[in-house]
Amino acid sequence: MIEYIDRRNTNCIKWDSDESRGLLPLWVADMDFKTAPPILAAMQRRLDHGVFGYEYVPQAYYDAISSWFARRHGWKGITRRQIIYTTSVVSGISAILKAMVQPGEGVVVQTPAYNCFFSCLENMECRLLASPLKVIDNHYEVDWEQFEQQVQQAKIFLLCNPHNPTGRVWTRSELERMSAICERHGVFVISDEIHCEFTFPGVDYTPFATVAPTTNYCVCISPSKAFNLAGLHCANIFVPDEAVYARIDRAVNIHEVGEMNPFGVEALMAAYNESEAWLDELQQLIYSHYQYVCQFIREHLPCFSVTKEEGTYLAWVNISASGLSAEELCQRLARQEHVLFNPSEMYGAAGYIRINLATSRENLTEALQHLRKIIS
Ligand SMILES: Cc1ncc(COP(=O)(O)O)c(C=O)c1O
């Protein structure tokens, strides 16, 4: 059973931060659902133990990752020596950039893009090489020619697989093509696969590791999105090349802040070893919410359109017919209707809002009704 929780007054960014207090927040990508029961049980056992000293990450932790990705996604043979644990995907990406690029060197990012990709690049003083995705029949596609032009000038391609915010779950052949282009130009790929568990019925996530012809890449993974564990700060970087592993490991750990906490270890193991049925149910719920938003927009706001997506829990809605910028629309919605969505400008694009589907149907309905009200 997926259980909705009223998260107000629990110090969560989504509901309680200065910008969201008192509003109905369908913005930042975490969920209003209680995590899976086996995770809660494992954490409770750890809590009952009552000692929270320095954590040793056991072999069982790596086995849980390896077994999950082999079983669920056909990505076989992950070993402990290829995994660097860290506190979050974003801090991991920053460390990887630190290890792999010099200031001023180029990093290709497919836009619109997850906003922290921009801040990571800025913080690491990398040059952004934007590769805008094309919208064809309400569906995002790669502009291959432009992508290759950007890759030619780059040191790194920072891939989002599946893609936030457009909801694309890249196909095997698309990933093969991206990978071949990067290979051709000697470009290292960082694949952020944090959204990999969110695919709609009939769609499979393809791990980049299963298409890459060489070891010139790394992959960021975490159970945090799928099992709503972001606050536990537990993420992993898969690095298949030994020399690159050593460089990234050094960059992750140079400030001695990458250590794991006891609850993160327990939660990851319980998620990957025991929570598959819960995740299956969650996927269905998210897909039903996506369909609901599509239907609502079709019926009540036909001048808008929801992007055809294959995954994530984020609906990407084209609002350009409103005559307002997405930022203006979101500001008005916050001010007049007390609802929070994310405007596309923060992802480097115009004319869209991002709606977080991982909440109750009631919240979703209420938020959509406010959107309708402000437009009519
Ligand atoms: C693509 C992507 N990567 C990373 C993150 C954040 O990961 P973390 O909290 O582990 O830094 C998000 C959160 O929304 C995301 O969408």
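The values are calculated or read from the model by the stated rules, or taken from the named source; none is laboratory data. Keep in mind that what you see is a predicted model, and the values were worked out from it rather than measured. Reconstructed Cβ throughout: ideal geometry from the backbone, glycine too, with neighbour counts over all protein chains shown. Remember, those area values only see protein heavy atoms, side chains included, never the ligands or the DNA or RNA. Shrake-Rupley method; radii C 1.70, N 1.55, O 1.52, S 1.80 Å.
Data for the structure
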| quantity | calculated |
| --- | --- |
| Simple Cβ-charge dipole of region 41-274, Lys/Arg +1 and Asp/Glu -1, about Cα centre, in debye nearest 20 | 260 debye |
| Rg(Cα) / (2.2 N^0.38 Å) computed for the chain, rounded to two decimals | 0.97 |
| Mean shadow area of region 1-156, taken as a quarter of the surface of its Cα convex hull (nm²) | 14.3 nm² |
| Peptide ranges 110-116, 363-369 listed from the most packed, as the mean C-beta count within 10 angstrom indicates | 110-116, 363-369 |
| Computed over the chain: relative contact order in percent, which uses C-alpha pairs under 8 Å that are six or more apart | 23 percent |
| Spatial separation of Cα centroids for region 309-376 and region 1-69, in angstrom | 26 Å |
| Per residue, in Å², the accessible surface of region 104-192 once ligands and nucleic acids are set aside, probe 1.4 Å | 37 Å² |
| Accessible surface of region 41-274, 1.4 Å probe, proportion on carbon and sulfur as whole % | 50 percent |
| Members of Lys14/Lys34; Lys134/Lys373; Lys225/Lys308 lying beyond 23 Å, as alpha-carbon distances in this model show | Lys134/Lys373 |
| Scattering profile of region 304-346 at q = 0.14, 0.19, 0.22, 0.35 Å⁻¹ [log10 I(q)/I(0), Debye over alpha-carbon scatterers] | -0.34, -0.61, -0.78, -1.22 |
| Part-to-part distance (alpha-carbon centres) for region 84-99 and region 221-254, which is given in Å | 6 Å |
